[in-house]
1. Is it fair to say Leu102 is under 30 Å from Gln173 (Cβ atoms), hydrophobic (A, V, I, L, M, F, W, C) and open to solvent by less than 50 Å² (accessible area, probe 1.4 Å)?
2. Restricting to the stretch 49-96, and then to whatever is among the acidic types (Asp, Glu), within 16 Å of the chain's Cα centre (by Cα) and more than 20 Å from His14 (Cα to Cα), can you tell me which residue is surrounded by the fewest Cβ atoms within 10 Å (Cβ to Cβ)?
3. Considering only residues of the stretch 29-41 that are over 27 Å from Lys8 (Cβ atoms) and surrounded by 14 or more Cβ atoms within 10 Å (Cβ to Cβ), which is modelled with the highest pLDDT?
4. If a residue counts only when it is within 17 Å of Gln138 (Cβ to Cβ), which strands (runs of 3 or more DSSP E) contained entirely in the stretch 45-86 have at least 3 such residues?
5. Would the stretch 10-29 turn up any residue that is farther than 21 Å from Met132 by Cβ and in a strand (DSSP E or B)?
6. Within the stretch 112-132, is there a residue that is open to solvent by less than 70 Å² (accessible area, probe 1.4 Å), in contact with a Gly (Cβ under 8 Å, 6 or more places away or on another chain), part of a helix (DSSP H, G or I) and more than 30 Å from Thr190 (Cβ to Cβ)?
7. If you check every pair at least six apart or on different chains, which have Cβ atoms under 7 Å apart with a residue in the stretch 19-35 that is more than 11 Å from Leu78 (Cβ to Cβ) and among the small types (Gly, Ala, Ser) first and a residue that is modelled with pLDDT under 90 and exposed (fewer than 13 other Cβ atoms within 10 Å of the Cβ) second?
Amino acid sequence: MDTVTLPKTGFLAHASKELSDLMASVATEVKLTSGETLFEQGEDGDTLYAIITGSLEFSVLSREGRKLSLDVMRPGALFGEIALFDPGTRTATVTALEPTRLRGVRNADMLRAIRAAPDVGIDMIQLAGERMRWMSSQLNEQVFLPMPARLARKILYLTIDGSKQLSTLTLSQAELAEFVGATREAVSKTLALWKRAGVIEATRGGVRVIDRDALQVMADLHQI
């Protein structure tokens, strides 16, 4: 039997033993190179995935063809639960930001596991709840927060890797603009202000957080 050691981070850090055993033994391994697409928005799908190593970007296209980046997921994250229980079209495009290893379990295997071990079903309900709360939070931010606050929150969020903080975010200003639904020029001006204030250091290779507490203040300005 094919087995693999799962990361003790993200959703998998508190998943049931039954789900962990399922993802470690029954699931199929998938390897992606940097820039490779796992699946695209609109494709058919019926598989739940767990990230073992690497990182993935989730994005959608508007009717006008504009790309909007939604999230970056790292080891321990699970995704694809919508297509797992309601096989149909994928709601986002998933692309590897670096060499990435995944485990995928298909609809039939997951349903069989739930019948045998109800705790797996509880895991899936918790995963769906987390996703709904996250989507609601993203919608509220996009509608009610000014762009600088959205940008600060996104940088803070994307520089958390499991249980540790990352000082550098290797995304271009154009990519950050996709995450916050703004123009590259607007993001560039905001980053320049923060750079002069000593909050971040912006380069062509990404953004390095220098003063995380100050960036948190930027993220919470709407509450003042």
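The values are calculated or read from the model by the stated rules, or taken from the named source; none is laboratory data. Because the structure is predicted, anything quoted here is derived from the model rather than measured. Using ideal geometry, Cβ is built from the backbone for each residue, glycine included, and neighbour counts are taken over all protein chains shown. The accessibility values were calculated without ligands, DNA or RNA, using every heavy atom of the protein model including side chains. Shrake-Rupley method; radii C 1.70, N 1.55, O 1.52, S 1.80 Å.
1. yes
2. Among them, the one singled out is Asp71.
3. Glu40
4. Those strands (runs of 3 or more DSSP E) span 56-61, 67-73.
5. The answer is yes, given that some residue of the stretch 10-29 is farther than 21 Å from Met132 by Cβ and in a strand (DSSP E or B).
6. Yes - at least one qualifying residue is present in the stretch 112-132.
7. The qualifying pairs are Ala24/Thr3; Ser25/Met1; Ser25/Asp2; Ser25/Thr3.
Yes/no per residue for (1) at pLDDT 90 or above; (2) of a type in the set (D, E, K, R):
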{"residue": "Leu68", "(1), (2)": "no, no"}
{"residue": "Met73", "(1), (2)": "yes, no"}
{"residue": "Ala77", "(1), (2)": "yes, no"}
{"residue": "Glu81", "(1), (2)": "no, yes"}
{"residue": "Arg101", "(1), (2)": "yes, yes"}
{"residue": "Gly104", "(1), (2)": "yes, no"}
{"residue": "Ala113", "(1), (2)": "no, no"}
